[in-house]
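**Student:** Attaching a single structure in structure tokens format; questions to follow.
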Amino acid sequence: ATTDELEKRLKGNPLPFNLRGAAYLGKGDLAKERQSFEKALAIQPDFFPAIRNLAQLDLRDGKADVARQRYTSLLERNPKNVAAMLELADIAAAEKKDDDAISWIEKARAADPKATAPRVRLIDAYIATNRPDKALTVAHELEQAAPTDIVALQAVARSYAASNQPL
């Protein structure tokens, strides 16, 4: 009922359909969930929450290629979409394709020079793949970009620890 009311109030907005999809997820109705997210995309093809939700359904169904295609299609329309790049990195990491994951995180880092999330993720990826020197290089960059961001500083500390460097 709430999403019906929102749909009336927010004509032409994909949000009510995305919320309805989440409600169907809670009810376990995967078919209606998918339909709701697809309706959201019919209204706004680059609506990231619906793209992500559909990609999660695709991944749950073992269709990583379909999920990957959703994000790459979005990147064709919006080449600097950091969130899509980070999702592609997650898919690559889940497939144990560490170099592909790092490549996507690097692209996200280049797409938004001020964003801290790609740098934090890159530090962790470099540490996980036993490349502490690269993690430390990114950490120096992050220290300058976000000197008071606690999440960033924690990543910086992890990079120093992985490199056996004093803070």
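**Student:** Comparing 55, 146, 84, which has the greatest mean-square fluctuation in the GNM of the chain with Cα pairs linked when under 10 Å apart?
**Tutor:** Largest GNM mean-square fluctuation: 146.
**Student:** Here is a further query. Given a Förster distance of 25 Å, report the FRET efficiency between residue 38 and residue 96 from their Cβ-Cβ distance, rounded to the nearest 0.05. Provide the component values of the computation, followed by the final result.
**Tutor:** Details: r = 30 Å, r/R0 = 1.21.
Once rounded, the FRET efficiency stands at 0.25.
**Student:** Placing +1 on the Cβ of each Lys and Arg and -1 on the Cβ of each Asp and Glu in the chain, which of 148, 130, 73 has its Cα farthest towards the positive end of the resulting dipole?
**Tutor:** Projecting each Cα onto the dipole axis, the largest value belongs to 73.
**Student:** Angle between the Cα long axis of helix 150-162 and the longest principal axis of the chain, 0 to 90 degrees, nearest 10?
**Tutor:** Helix 150-162 sits roughly 50 degrees off the main axis of the chain.
**Student:** What number, rounded to the nearest 500 deg cm²/dmol, is the helix-based mean residue ellipticity at 222 nm of the chain, given -39500 (n - 2.57) per DSSP H run of at least four residues and division by all its residues? It would help to have the intermediate numbers written out before the result.
**Tutor:** Working: 10 runs with 128 residues, N = 167.
So the calculated ellipticity at 222 nm is -24000 deg cm²/dmol.
**Student:** On the accessible surface of the chain, probed at 1.4 Å, how many percent belong to carbon and sulfur atoms? Could you put the intermediate results ahead of the total?
**Tutor:** Working: 4930 of 9360 Å².
Reported share for carbon and sulfur atoms: 53 percent.
**Student:** Over the chain, what relative contact order in percent results from Cα pairs under 8 Å that are six or more residues apart? Present the calculation step by step, with values, prior to reporting the outcome.
**Tutor:** Numbers: 191 pairs, mean separation 18.0, N = 167.
Computed value for the chain: 11 percent relative contact order.
**Student:** Roughly how many Å² of residue 124 are accessible to a 1.4 Å probe, to the nearest 10?
**Tutor:** Roughly 60 Å² of residue 124 is accessible to a 1.4 Å probe.
**Student:** Kirkwood Rh over alpha-carbon pairs of segment 23-97, then Stokes-Einstein at 10 °C and 1.306 mPa s: what D in µm² s⁻¹, rounded to an integer? Don't skip to the end; give the middle numbers.
**Tutor:** Details: Rh = 12.7 Å.
Reported coefficient: 126 µm²/s.
**Student:** Any idea what % of Cα-Cα pairs in segment 19-150 are farther than 26 Å?
**Tutor:** Details: 2727 of 8646 pairs.
Beyond 26 Å sits 32 percent of the P(r) for segment 19-150.
**Student:** What angle, in degrees between 0 and 90 and rounded to the nearest 10, separates the Cα long axis of helix 82-94 from the longest principal axis of the Cα atoms of the chain?
**Tutor:** 80 degrees
**Student:** Given 32/80; 8/39; 80/134; 97/134; 63/96, which pairs have Cα atoms separated by over 20 Å?
**Tutor:** Values: 32/80 31 Å; 8/39 15 Å; 80/134 23 Å; 97/134 18 Å; 63/96 16 Å.
Listed pairs above 20 Å: 32/80; 80/134.
**Student:** Apply the Karplus curve 6.51 cos²θ - 1.76 cosθ + 1.60, θ = phi - 60°, to the phi angles in segment 4-16 and return the couplings in whole Hz, x for Gly and Pro.
**Tutor:** Once θ is set to phi - 60°, the couplings for segment 4-16 become 4, 5, 4, 4, 5, 6, 10, 3, x, 10, x, 4, x Hz.
**Student:** For segment 1-143, give the magnitude of the charge dipole about the Cα centre (Cβ charges: +1 Lys/Arg, -1 Asp/Glu; no others), in debye to the nearest 20. Intermediate values should be presented prior to the final figure.
**Tutor:** Working: 24 positive and 23 negative charges, 80 e Å.
With only Lys, Arg, Asp and Glu charged at Cβ, the dipole is about 380 debye.
**Student:** Could you provide, to the nearest whole Å², the per residue accessible area of the chain with probe 1.4 Å?
**Tutor:** Result: 56 Å² per residue.
**Student:** How high is the FRET efficiency from residue 1 to residue 112, r the C-beta distance, R0 45 Å, rounded to 0.05?
**Tutor:** On the way: r = 39 Å, r/R0 = 0.87.
Calculated transfer efficiency: 0.70.
The values are calculated or read from the model by the stated rules, or taken from the named source; none is laboratory data. Keep in mind that what you see is a predicted model, and the values were worked out from it rather than measured. Methodologically, a virtual Cβ is constructed for each residue, glycine included, from the backbone with ideal geometry; neighbour enumeration extends over all protein chains shown. SASA here: full protein model, heavy atoms, side chains in, ligands and nucleic acids out. Shrake-Rupley method; radii C 1.70, N 1.55, O 1.52, S 1.80 Å.
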